[in-house]
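**Student:** Attaching a single structure in structure tokens format; questions to follow.
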Amino acid sequence: MLKSINVEEAVNLIKSNDDIQLIDVRSQMEIDMSGTIEGSILVDLNDPKSEKLVNSLDKEKKYLLYCASGSRSILLGIYMDKSGFLKVYNLKDAGYGQLAIALKDMGK
């Protein structure tokens, strides 16, 4: 199941699910420049090792995907959905910056 959600829904999902795994779908260079959300797994779509990393993840677990704007994370979300992942959430119409600010505001 792939569901696209907004920032408010993403924050509520994180608050109510301690077991959710965040996946940062940006490049290492972007993360080096702006940071990442603590505990996130990096999946750079330009890195050939990323497919193996994603395929090694638990398909039963909940995942929240984010990138800079939502375009790369939706691509990964579609791949994960077609690969049998059961609970994949994509941050739409927003990206790392907006999510990081919202999480900081809630004290996470």
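Quick note: the coordinates plus some simple rules give every number you see, no bench work behind them. Computed from a predicted structure; not experimentally measured. Neighbour counts are summed over all protein chains in view; Cβ atoms, including those assigned to glycine, are modelled from backbone coordinates with ideal geometry.
**Student:** Any idea what the dipole of the chain comes to, in debye rounded to 20, about its Cα centre with Lys/Arg Cβ at +1 and Asp/Glu Cβ at -1?
**Tutor:** Magnitude of the dipole: close to 260 debye.
**Student:** In segment 1-27, whose amide N lies under 14 Å from the spot 7 Å out along Cα-to-Cβ of Ile37? List them in ranges.
**Tutor:** Hits in segment 1-27 for Ile37 at 14 Å: 4-26.
**Student:** Hey, what number do you get for the chain at 222 nm if only DSSP H runs of n ≥ 4 count, each worth -39500 (n - 2.57), divided across all residues, to the nearest 500?
**Tutor:** Mean residue ellipticity at 222 nm (helix-derived): -12000 deg cm²/dmol.
**Student:** Take the residue pairs Lys3/Lys82; Lys15/Lys92; Lys52/Lys104; Lys61/Lys92; Lys15/Lys82 and return only those whose Cα atoms are more than 24 Å apart.
**Tutor:** The pairs that break the limit, which is 24 Å between Cα atoms, are Lys52/Lys104; Lys15/Lys82.
**Student:** Within 10 Å of each candidate Cβ there may be at most 15 other Cβ atoms; applying that plus a DSSP loop requirement, which GluC sites (Glu not before Pro) in segment 31-108 survive?
**Tutor:** Glu38, Glu60
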